[in-house]
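See below for the structure under consideration.
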Amino acid sequence: MKFTCSQQLLSKALNTVSKAVTSRSTLPILKGILLKANIEGSLILSASDLDISIEKIITDVNVEAEGSVVVSAKLFTDIIRKLPEEEVFIEQMEDGNVVIKTKMSEFTITGLSAEEFPEIGEIEEEEKIEADKELFKEMIRKTSFSASIDDAKGIIVGVLIEFEEESTTMVGIDGFRMAVVKEEINNSDKNKIIINARILTEVYKILSDVEEEKMTIVLSKKKAAFICEKVKIVVRLLDGEFIKYKDILPKENKSKVKIKKSLFYEGMERASILSKEGKNNLIKFIFKDEVLTITSRSEEGNVREEINIEKEGNDIEIGFNSKYILDVLKVLDDDEVIIEMVSSVKPCVIKPVSGNKFEYLVLPVRIS
């Protein structure tokens, strides 16, 4: 293997595939990145931790001899990042070692056999979906934070993705809150998959660096692949039955409030300063007439915020973990939102003023 490549292109590609490199595995090969040079002038970089695998193609490469080798991900990436922004010459020698050269620098590092690297690109295609990359990314951003981070909780560490014929829905739940986001995306068939939220967040980050707008999603029984022109991400699906989330959403409300999101978020941020000092993140809401009063107290002091609202139904006092409310408000782009409540001990639902693009359910905290 012998090729020359731009340092900038190589460094950027390494940033992408490095997201799949594991430090936990006892297999040295999984701590490496596979370099595969093709004589037509392309370099494919691949990495995998078996849960997520990433393949990135660089096309503007001068390949003198094709071949493939696995190099230490950390060592190779550190070297390439610190090289000057110029052409980098890379060659695999007969003893398996890899030489990395620029005009003034030269490194020799150990290479591993590419034959030991897992086959990451193969996926038995059962369904193919054409998707808008930006829309899909937004759905991830608006749901993945609500999934559980506790592996002991089983399937709810994952995000449910439901493909209906005329819509796609994502659901994240952790036992204290739930996010349901729905977009009009035409699919050829009905299907549902569950992906670990941690992995789905990595998918979001990788897609954020991809310029193409369109993306193909390929589904099989155990894997899903997200494919753009020069990037392919393959993830392992979680196996199990997801919680019947539709049964959890309240069917009625006794208080319905319309509130300006920016005022709500700013008031919540100020009130949460003291709630964090109290170590419990507890904030109390008092919805009365046309005013929401937000209060919080700790040993350090107390705070009171008032926000004008439009309310239908009963006055209500209810307490929440401020983090759970703020997490929702951070990802919403709407100018106004609706808050629906039944009582001080039942979940509230945050939803759009019109339509059904999202529903966020948050469990209250009992207040004395």
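The values are calculated or read from the model by the stated rules, or taken from the named source; none is laboratory data. Note that this is a predicted model, so its numbers are computed, not measured. Cβ: placed from backbone, ideal geometry, glycine included. Neighbour counts: every protein chain shown.
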Criterion violated by Val71 - all others in (1) out of contact with any Leu (no Cβ under 9 Å at 6 or more places or on another chain); (2) among the β-branched types (Val, Ile, Thr); (3) over 20 Å from Lys230 (Cβ atoms); (4) in contact (Cβ under 8 Å) with a residue 40 or more places away in the chain satisfied
(1)
Candidates Leu35, Leu14, filtered to the one that is in contact with a helix residue (DSSP H, G or I) (Cβ under 9 Å, 6 or more places away or on another chain), touching a residue at least 24 places away in the same chain (Cβ under 8 Å) and in a helix (DSSP H, G or I)
Leu14
Kindly evaluate Tyr204 against the criterion of being in contact (Cβ under 8 Å) with a residue 24 or more places away in the chain, among the aromatic types (Phe, Trp, Tyr) and under 19 Å from Ser48 (Cα atoms).
yes
Members of the stretch 59-100 found to be of a type in the set (Asp, Glu) and modelled with pLDDT of 95 or more, listed by number
Glu64, Glu66, Asp78, Glu85, Glu86, Glu87, Glu91
Across the stretch 208-266, which residue is surrounded by the fewest Cβ atoms within 10 Å (Cβ to Cβ) among those that are at pLDDT 95 or above and polar (S, T, N, Q)?
Ser262
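Could we say that Lys56 is within 22 Å of the chain's Cα centre (by Cα) and modelled with pLDDT of 95 or more here?
Numbers: within 22 Å of the chain's Cα centre (by Cα): yes; modelled with pLDDT of 95 or more: yes.
Yes, satisfied.
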Counting only strands (runs of 3 or more DSSP E) wholly inside the stretch 271-368, the ones holding at least 2 residues that are closer than 30 Å to Ser167 by Cβ and touching a residue at least 24 places away in the same chain (Cβ under 8 Å) are 310-313, 336-341, 348-352, 358-362
Tally, over the stretch 19-36, of residues that are surrounded by 17 or more Cβ atoms within 10 Å (Cβ to Cβ) and either outside the structural domain of Asp60 (by TED's automatic domain parsing) or of a type outside the set (D, E, K, R) (or both)
7
Looking at the stretch 296-312, is at least one residue modelled with pLDDT of 90 or more, under 20 Å from Lys346 (Cα atoms) and not aromatic (Phe, Trp, Tyr)?
yes
Looking at the stretch 241-256, is at least one residue touching a helix residue (DSSP H, G or I) at 6+ places or on another chain (Cβ under 8 Å) and among the small types (Gly, Ala, Ser)?
no
Which strands (runs of 3 or more DSSP E) does the stretch 108-173 wholly contain that include 2 or more residues that are in contact (Cβ under 8 Å) with a residue 40 or more places away in the chain, of a type in the set (Asp, Glu) and surrounded by fewer than 22 Cβ atoms within 10 Å (Cβ to Cβ)?
127-132
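Considering the stretch 39-55 alone, what residues qualify as being assigned to a strand (DSSP E or B) and over 15 Å from Ser6 (Cα atoms)?
Ser46, Ala47, Ser48, Ile52, Ser53, Ile54, Glu55 - these are the residues of the stretch 39-55 that are assigned to a strand (DSSP E or B) and over 15 Å from Ser6 (Cα atoms).
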